[in-house]
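Data first, discussion second: the structure below is written as structure tokens.
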Protein chains: 2
Amino acid sequence: MVTERRRSWWGWGWEDEALNADQAANLAAALATRPGFQGRTVGAAPALSDVALPAARVAPPDSLAAFCSSDPYDRAAHTYGKSYRDTVRAFSGDLNAAPSFVAFPRDEQDVIDVLDWCGAEGVPAVPFGGGSSVVGGVELPGAVSVDLSRLDRVVEVDTMSRAARVQAGVFGPALEDQLRPHGYTLRHFPQSFEFSTLGGWLATRSGGHYATNYTHIDDFVESMRVITPRGVVESRRLPGSGAGPSPDRLFLGSEGILGVITEAWMRVQDRPVHRASAGVRFASFSDAVSATRGISQAALFPANCRLLDPGEAMTSAGVTDGSALLVLGFESADHPVDAWIARAVELCADHGGTLPEGVRSASGQGAAGAWRSSFLRAPYGRDAMVAMSVIADTFETACTWSNFEALHAGVVEAVEKVLADVCGGGWVTCRFTHVYPDGPAPYFTFLAPGRRGSELAQWEDIKSAASEVLLDMGGTITHHHAVGRDHRPWYDRQRPDGFAAALRAAKAALDPAAILNPGVLIDP
Amino acid sequence: MVTERRRSWWGWGWEDEALNADQAANLAAALATRPGFQGRTVGAAPALSDVALPAARVAPPDSLAAFCSSDPYDRAAHTYGKSYRDTVRAFSGDLNAAPSFVAFPRDEQDVIDVLDWCGAEGVPAVPFGGGSSVVGGVELPGAVSVDLSRLDRVVEVDTMSRAARVQAGVFGPALEDQLRPHGYTLRHFPQSFEFSTLGGWLATRSGGHYATNYTHIDDFVESMRVITPRGVVESRRLPGSGAGPSPDRLFLGSEGILGVITEAWMRVQDRPVHRASAGVRFASFSDAVSATRGISQAALFPANCRLLDPGEAMTSAGVTDGSALLVLGFESADHPVDAWIARAVELCADHGGTLPEGVRSASGQGAAGAWRSSFLRAPYGRDAMVAMSVIADTFETACTWSNFEALHAGVVEAVEKVLADVCGGGWVTCRFTHVYPDGPAPYFTFLAPGRRGSELAQWEDIKSAASEVLLDMGGTITHHHAVGRDHRPWYDRQRPDGFAAALRAAKAALDPAAILNPGVLIDP
């Protein structure tokens, strides 16, 4: 596959959007104001021609050759996802987990054919959407990587039911481009939006644009179509049903172990025309949490309700007075939202929140905000940090409101300790990405000075400490980053044993040769 | 079990709330104004002492005797659910499906013990909540009926997270009574509210109070605890999670085939204090449908959004001018809802809706409306109709908006035809019980003159014709009445084969002796 503009095989996004030398130097200089981050040098990005790929274990048979590639770029670009660990490994030239080859099915028959061949030969197959997994969800040495990106069309739009039939391999921007002429949007904007696909979102229960009510992609699914080794599973288009356990809910979050999602009918949205937003500051993080809880329990359903702790407020939003910042946003395609935001702001005031910039109200089609653009560009910055041996990663969870204070304190204590122990410093900050009536989804970011060559060992200590405390404190190992291979030790403890037995049995029924993404979620 | 006030063993609810002779005669007189319904006589309700129960196939062993009953009343009252078919059979003295005995576990250990014994002896066990199934979900001759009604407590309330840990056997009113002192309500009011349990709601994905957004009980579940023959399955208390497929969603709708639900953490609500409602009339049902669709797609989230066709508007709401009636209601514990209902009413006006009585707004704790009381009493009326050989039943579905017009026309045509063919007359009406952005949940009611002794054969022809057309038109065989044994032929066609294989495998993993509610949802 040659395209004019190429995606990075080792790091985030487009090759030509990576931070240039000046930008990376500026980032290094900014970091150098913090203790422990002085004197970073920016390493050179690797050239693919200098990197050794392992020998393929199998070659595509003639029957599949028309849509398969053994090209080094394709194998390299399908070796890992985009976690910190993945990027460090690829940046250091370690591509030992490369697949044997990459299949690019052109249609469902190609998917069936490649799964049939893998089943007959006993070769594992790893479904691959945009490859933006941060949990080792697409990594399996010697496997066949099944890249769905050629299934990239909106096939059908039902304007009366406001739903669209969409192929699973479409990337976020191309999906929005195809919905826009109909006046629609899916409004699902994970940070990976530009480089992840509908099928990937469905397989991993991706978290999206809406901070309340409809948070996960699950809520927008009307029906799904999945190719399993035992045949096609297609659910009916139903707005609601009580006929047995939901078939879709078995495949949502199945991370490629039960089948390959090829299509879904998705509930789309009219494009919003009314918007109101406010940045509410709180001198006390605890008061900010109480206010956010009040809003989450008031059934006001803001689209945005993201609480940044003082550290995040400073680094992400330029708030330098030590306040926590609650970013509130309401939007509607149908009606002005003044009454909604007025009540939310009133709730904030009850907890000491202030609005230095007041409420901003707008009607009409708005452009994506500066915040979203900076949000989507953040992973490029992390690549530059990898190049300067800075350890930068995030982890996330969800817990009840009653449990949050202890969980937050426990995480901060444990992570600050491990950062001091293994890196000699660094910091951890917290935001809420989504909130529910019964609890928030806290999202933590940490940065620490790494030692070149030791970053992975350092990162593993930090990741492990963070994951332990999440589990011990009653959280989930992931609210929307998925499980993959990397979260397995903690997922296995979190998941009820009986459910593991049921899932294992379901997999054996649908994938009897156990070829689909082995090692993810369960062991055979 | 002897209580001062006893539930009817053959019909709905409390024995002392059944229609008395005068009320039944009035009902017969009202019906007699319709063609085909003249000259009905009201048969006498059976006395339990006159009815023969089949011999028990097994007796409770000594180890279980302390919480088991072979009392004729208990066996009779656990023989059937409360479908039309069930009531006709019980009324006619046919109790051939009686269980061998009834277990009333006092705690989880009793549940474990009875399942262990059933597994060892190969005796089927049927979990029984309130026994209000209308789909044959609790009927299995000779089985052990496992009645959860002694597990009836709210065990713990987390006020900060607004959640409560509730035992599964609690009935609706007792649950609300225990939540009220905390200022909370579950606000789940299916028509069976008084005579069904939390565990039953969870096992059947019950549809409740909210007409939009949070429609099914599923949406209020934070975590569940289920006793399976292979051990206890308990999920974490999480407001949201993306860690693999949802464990809870496998058990929601599992209808007792995977385990016995003993407890759940439920998201409860603050009791509403602000309310606004309106009855909007439409000369054209089709315009009313369009207005309802507009509201469902506007993200206003009314608690009530029930559209009655002209027939239902007349019989349920006394609207005699041939209008369709949209019953709109907004409620909030947090804020006045004037802006919300104003926009909904405006949307109705755009489609020709009028409000002869205007918008009613209220603040403060309201009593349950007359409508709800009449809604909850309706099944007593049906028992009286059974006594006068009137066939009265409902069926329900969900479909996309684009599909509704054809589905509605198809159902009305097919059911009117079968009513004419097998009953010589009768009628069918439609309402929406719940609505979604992508489609409504239409609920159909039919009444027809039966012939004494032939009612079941007549009913089966009608039910079969209605179910066929629902399936053919792309609907679901049930939106919130569940599958049980009665809906199996259509559920089996609706459900993807691959999902059936997965569910069968999951059941085999959790219930290897296949004792739990065999015949429901799947065959071994």
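The values are calculated or read from the model by the stated rules, or taken from the named source; none is laboratory data. Since we're looking at a predicted model, the values are computed, not measured. Note that we place each Cβ from the backbone using ideal geometry, even for glycine, and neighbour counts take in every protein chain shown.
Filter region B:1-22 for residues that are in contact (Cβ under 8 Å) with a residue 60 or more places away in the chain and either over 23 Å from B:Ala76 (Cα atoms) or outside any loop (DSSP other than H, G, I, E, B) (or both) and give the result.
B:Arg7, B:Glu17
How many residues are surrounded by 24 or more Cβ atoms within 10 Å (Cβ to Cβ) and part of a helix (DSSP H, G or I) if we restrict to region B:192-208?
Looking only at that region, the number is 7.
Of all residues in region A:486-516, which are over 19 Å from B:Phe499 (Cα atoms), more than 7 Å from chain B (Cβ to nearest Cβ) and part of a loop (DSSP other than H, G, I, E, B)? Can you show your working first?
First, pick out the residues of region A:486-516 that are over 19 Å from B:Phe499 (Cα atoms): A:486-497.
If we keep only those that are more than 7 Å from chain B (Cβ to nearest Cβ) as well, we get A:486-490, A:492-493.
Once the filter is applied, which keeps residues that are over 19 Å from B:Phe499 (Cα atoms), more than 7 Å from chain B (Cβ to nearest Cβ) and part of a loop (DSSP other than H, G, I, E, B), region A:486-516 yields A:Asp486, A:His487.
Given the criteria of a type in the set (Asp, Glu), touching a Leu at 6+ places or on another chain (Cβ under 8 Å) and within 14 Å of another protein chain (Cβ to nearest Cβ), does B:Asp383 qualify? Working first, answer last.
Working: of a type in the set (Asp, Glu): yes; touching a Leu at 6+ places or on another chain (Cβ under 8 Å): yes; within 14 Å of another protein chain (Cβ to nearest Cβ): no.
No.
Which pairs have Cβ atoms under 8 Å, sit 6 or more apart or on different chains, and link a residue in region B:338-353 that is at positive phi to one that is not in a helix (DSSP H, G or I)?
The qualifying pairs are B:Gly352/B:Phe282; B:Gly352/B:Ala283; B:Gly352/B:Ser284.
Do we have B:Val483 as in a loop (DSSP other than H, G, I, E, B) and within 10 Å of another protein chain (Cβ to nearest Cβ) here? Let's see the steps before the verdict.
Numbers: in a loop (DSSP other than H, G, I, E, B): yes; within 10 Å of another protein chain (Cβ to nearest Cβ): yes.
Yes.
Identify all residues within region B:344-354 that are more than 10 Å from chain A (Cβ to nearest Cβ) and either farther than 16 Å from B:Ala298 by Cβ or not charged (D, E, K, R) (or both); write none if there are none. So that I can check it myself, show each step before the final result.
Start the filter on region B:344-354 by keeping residues that are more than 10 Å from chain A (Cβ to nearest Cβ), which leaves B:345, B:348-354.
If the condition is that a residue be more than 10 Å from chain A (Cβ to nearest Cβ) and either farther than 16 Å from B:Ala298 by Cβ or not charged (D, E, K, R) (or both), then B:Val345, B:Cys348, B:Ala349, B:His351, B:Gly352, B:Gly353, B:Thr354 are the ones that fit.
Residues in region A:219-228: is at least one of a type in the set (Gly, Ala, Ser) and away from chain B (no Cβ under 11 Å)?
The first filter runs over region A:219-228 and keeps only residues of a type in the set (Gly, Ala, Ser), leaving A:223.
From what is left, the residues that are away from chain B (no Cβ under 11 Å) are none.
Taking every residue of region A:219-228 in turn, none turns out to be of a type in the set (Gly, Ala, Ser) and away from chain B (no Cβ under 11 Å).
Can we say A:Ala120 is farther than 22 Å from A:Phe101 by Cβ and of a type in the set (A, V, I, L, M, F, W, C)? Lay out the reasoning, then the answer.
Numbers: farther than 22 Å from A:Phe101 by Cβ: no; of a type in the set (A, V, I, L, M, F, W, C): yes.
Against the criterion (farther than 22 Å from A:Phe101 by Cβ and of a type in the set (A, V, I, L, M, F, W, C)), A:Ala120 does not qualify.
Determine whether B:Ala76 is at pLDDT 95 or above, among the hydrophobic types (A, V, I, L, M, F, W, C), assigned to a helix (DSSP H, G or I) and under 24 Å from the mean Cα position of the chain (by Cα). Lay out the reasoning, then the answer.
Numbers: at pLDDT 95 or above: yes; among the hydrophobic types (A, V, I, L, M, F, W, C): yes; assigned to a helix (DSSP H, G or I): yes; under 24 Å from the mean Cα position of the chain (by Cα): yes.
Against the criterion (at pLDDT 95 or above, among the hydrophobic types (A, V, I, L, M, F, W, C), assigned to a helix (DSSP H, G or I) and under 24 Å from the mean Cα position of the chain (by Cα)), B:Ala76 qualifies.
Conditions (1) assigned to a helix (DSSP H, G or I); (2) within 14 Å of chain B (Cβ to nearest Cβ); (3) at pLDDT 95 or above, marked per residue:
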| site | (1), (2), (3) |
| --- | --- |
| A:Cys305 | no, yes, yes |
| A:Asp334 | no, yes, yes |
| A:Ala342 | yes, yes, yes |
| A:Pro356 | no, no, no |
| A:Ala362 | no, no, no |
| A:Trp371 | yes, no, no |
| A:Ala398 | no, yes, yes |
| A:Asn403 | yes, yes, yes |
| A:Leu407 | yes, yes, yes |
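Please identify the pairs in which a residue from region A:229-244 that is within 7 Å of chain B (Cβ to nearest Cβ) has its Cβ atom under 7 Å from the Cβ atom of a residue that is β-branched (Val, Ile, Thr) and not in a loop (DSSP other than H, G, I, E, B), counting only partners at least 6 apart or on another chain.
Sorted first by the residue in region A:229-244, then by its partner, the pairs are A:Val233/A:Val226; A:Gly242/B:Thr204.
Out of curiosity, is B:Arg452 outside any helix (DSSP H, G or I) and more than 14 Å from chain A (Cβ to nearest Cβ)?
yes
So which residues in region B:56-73 are small (Gly, Ala, Ser) and assigned to a helix (DSSP H, G or I), if there are any at all? Quick ask: steps written out before the conclusion?
Within region B:56-73, the subset small (Gly, Ala, Ser) is B:56, B:59, B:63, B:65-66, B:69-70.
Those that are small (Gly, Ala, Ser) and assigned to a helix (DSSP H, G or I): B:Ala65, B:Ala66.
Just checking, does region B:23-30 include any residue being assigned to a loop (DSSP other than H, G, I, E, B) and surrounded by fewer than 16 Cβ atoms within 10 Å (Cβ to Cβ)?
The initial filter retains those residues of region B:23-30 that are assigned to a loop (DSSP other than H, G, I, E, B), namely none.
No, there is no match, as no residue in region B:23-30 is assigned to a loop (DSSP other than H, G, I, E, B) and surrounded by fewer than 16 Cβ atoms within 10 Å (Cβ to Cβ).
Working only within region B:69-93, note down all residues that are touching a Lys or Arg at 6+ places or on another chain (Cβ under 9 Å) and either aromatic (Phe, Trp, Tyr) or more than 22 Å from B:Leu456 (Cβ to Cβ) (or both).
Result: B:Ser69, B:Tyr73, B:Tyr80, B:Tyr84.
In region B:264-296, which residues are within 26 Å of the chain's Cα centre (by Cα) and polar (S, T, N, Q)?
Within region B:264-296, B:Gln269, B:Ser277, B:Thr292, B:Ser296 meet the criteria.
What residue, among those in region B:115-150 that are farther than 21 Å from B:Ala513 by Cα and in contact with a strand residue (DSSP E or B) (Cβ under 6 Å, 6 or more places away or on another chain), is surrounded by the most Cβ atoms within 10 Å (Cβ to Cβ)? Before the answer, list the steps.
Initial filter on region B:115-150 (farther than 21 Å from B:Ala513 by Cα): B:129-136, B:148-150.
Still in the running and in contact with a strand residue (DSSP E or B) (Cβ under 6 Å, 6 or more places away or on another chain): B:129-130.
Numbers: B:Gly129: 29, B:Gly130: 26.
Ranking the candidates gives B:Gly129 first.
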